[in-house]
């Protein structure tokens, strides 16, 4: 029998999956009874899941309207990206001597292959999500600072939801320009792309 916390996490994952696929977008209403029926749980874990998502800014709880997916402005997205980069730049400083070299080499190889596929005209959206998630998890899990790790973990759902929503649009475009920009997104403060980031960490680890 599923524990109460597991049910809440199941509902959170259900909502996030639909944001990732574009089924849910900014301004869409979240009806608790409909979600409960879809996820086969009671109303209590649904309400708790929506409150959790509201706590990281993905959902707005509005009087007389209930829960709606937050509609992010360009300014908000820019601010979120700056927060993430600030936290991860600090995490990188802590993690650089802690990440196993073989993990870095594996990630660097994965990202290099991904970039090659994009340059060849492919649109490996799912693989890009996996590689991007692995990169940020590697940084977070080896930063050695429990407070920083906890905060990055808490915000990771917000970061991934914004990424996935952006990449849903990229997958529908007639060319790879947007995805190529995502794959080559620069990590602030390090002057390196995601695809070369693993190599940079390997070099720093060896010093």
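Please treat every number below as a calculation from the coordinates, not as lab data. No experiment lies behind these values; they were computed from the predicted model shown. FYI the Cβ positions are ideal-geometry reconstructions off the backbone, even for glycines, and counts take in every protein chain you see.
All C-alpha to C-alpha distances of the stretch 4-69, sorted into 5 Å bins beginning at zero, yield P(r) values of 4, 19, 32, 29, 14, 2 percent in whole numbers. For the stretch 106-172, the C-alpha radius of gyration divided by 2.2 N^0.38 Å, with N the number of residues, is 1.25. Checking a compactness column here: for the stretch 1-121, what do you get for Rg(Cα) / (2.2 N^0.38 Å), N being the number of residues? Working it through for the stretch 1-121, the quotient is 1.39. Along Cα→Cβ, 7 Å out, is where each label goes; now give me the distance between the ones at residue 61 and residue 166 in nm to one decimal. Label at residue 61, label at residue 166, 2.9 nm between them. Given their separation in residues at 0.36 nm each and the Cα-Cα distance between them, residue 141 and residue 102 gain 12.5 nm when the chain is fully extended. With contacts taken as Cα pairs under 8 Å and at least 6 residues apart, the stretch 4-69 reaches a relative contact order of 38 percent.
Each label point was placed 7 Å from the Cα along the Cα-to-Cβ direction; for residue 85 and residue 10 their separation is 4.1 nm.
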